[in-house]
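The values are calculated or read from the model by the stated rules, or taken from the named source; none is laboratory data. Quick caveat, the model's predicted, so the values are computed rather than measured. Cβ placement follows ideal geometry from the backbone for every residue including glycine, while neighbour counts extend to all protein chains displayed.
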């Protein structure tokens, strides 16, 4: 059932001359107050404890005209509130038509509406799926700096800290967190990513959901951070694991690679020796003519570890066969992104003794 169908059903259900009901519009929604479910009935009963008694045979219009024009929360067992339901009721004195305006949040609700004079309560159960309409999200975004022990170096440069952008989404009850790493390689900066995330703040406050996010931002660090935050908050909202929401099986433990940064031959050998107990090492190459010596030294330092090599676009078509031969001699399992992006066609002409995989050359399904 759609949101519009629900609203229509509510209007038809209680469309009496004396009573009307409507859902608040988006512009009115900020005035709503969240009602804590366990305290709702008690507090609302108190709010009308001094209101005139209304018999089933009395006129609803006459009884409501005796209420003050100020806002009152009107409820007895006619309303059962669930979850993060926000309710606000207002009675206005009118001789012919006294509208009772009840605001229901878009998260979830169960309501019982009295229809006409002397009629029994009729239940209105909430729709089973309101997932098409995401709750309004509050956004917080920040830049974090994480020092690296020593340094991390690849063919394109060296760094001593990891700078990440953290985005958090909150629906006031649940908070989801995501982060991303801005890549200078693709023209991204931390401040630029923050600005991109901030650009969708108004849309988030209007109820932008995760599928809508894919259209609102292009692929990159900004969308990645928000996408991760959405998976997190949606999992918390539903009480389900993210993999369940994604419709995939329960993840199993996997072996991950420990990286040996690009450095001098002796330094890389020492780092490999310290990590020799690990089952899988990822060795950064692409540093020039010394790569054959680097990979040989790493293998001697870690004779039992499985090794994969990542050249980060550091080789070219003229030296690739030399490097792949050195890697094969060292028992390397796989070579990642040996050539610069856009020059992969050379791989079709070069004899490869090892499997080659792409990184920088593949960004989406189209480039794949």
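Restricting the stretch 264-275 to residues that are more than 17 Å from residue 158 (Cβ to Cβ) and in contact with a strand residue (DSSP E or B) (Cβ under 6 Å, 6 or more places away or on another chain) leaves a set whose member that is surrounded by the most Cβ atoms within 10 Å (Cβ to Cβ) is 272. For the stretch 180-192, a residue qualifies if it is surrounded by 17 or more Cβ atoms within 10 Å (Cβ to Cβ) and within 16 Å of the chain's Cα centre (by Cα), and exactly one does: 180.
Can you pull out every residue in the stretch 323-343 that is touching a helix residue (DSSP H, G or I) at 6+ places or on another chain (Cβ under 7 Å), more than 21 Å from residue 157 (Cα to Cα) and not in a loop (DSSP other than H, G, I, E, B)? Matches in the stretch 323-343: 326, 327. Scanning the stretch 304-319 for residues that are surrounded by fewer than 20 Cβ atoms within 10 Å (Cβ to Cβ) and over 18 Å from residue 152 (Cα atoms) yields 304, 306, 316, 317, 318, 319. Per the conditions (1) at pLDDT below 95; (2) crowded, with 16+ Cβ neighbours inside 10 Å; (3) more than 16 Å from the chain's Cα centre (by Cα), the sole criterion not satisfied by residue 149 is (2).
When each of 252, 242, 296 is tested for being over 26 Å from residue 152 (Cβ atoms), surrounded by 15 or more Cβ atoms within 10 Å (Cβ to Cβ) and out of contact with any strand residue (DSSP E or B) (no Cβ under 9 Å at 6 or more places or on another chain), the lone residue that passes is 242. The test for being under 13 Å from the mean Cα position of the chain (by Cα) and over 16 Å from residue 191 (Cβ atoms) does not hold for residue 172. Taken as a whole, the structure leaves residue 229 outside the set of residues that are at pLDDT 95 or above and either surrounded by fewer than 19 Cβ atoms within 10 Å (Cβ to Cβ) or outside the structural domain of residue 159 (by TED's automatic domain parsing) (or both). At least 1 residues being closer than 30 Å to residue 136 by Cβ is the threshold, and among the helices (runs of 4 or more DSSP H) wholly inside the stretch 202-320 those reaching it are 210-216, 221-238, 242-245. If you go through the stretch 344-353 one residue at a time, do you hit one that is closer than 21 Å to residue 153 by Cα and surrounded by 15 or more Cβ atoms within 10 Å (Cβ to Cβ)? No; the residues of the stretch 344-353 include none that is closer than 21 Å to residue 153 by Cα and surrounded by 15 or more Cβ atoms within 10 Å (Cβ to Cβ). Could you grab me the full set of residues in the stretch 276-291 that are crowded, with 16+ Cβ neighbours inside 10 Å, modelled with pLDDT of 95 or more and in contact with a strand residue (DSSP E or B) (Cβ under 8 Å, 6 or more places away or on another chain)? Those that are crowded, with 16+ Cβ neighbours inside 10 Å, modelled with pLDDT of 95 or more and in contact with a strand residue (DSSP E or B) (Cβ under 8 Å, 6 or more places away or on another chain): 278, 281, 282, 283, 284, 285.
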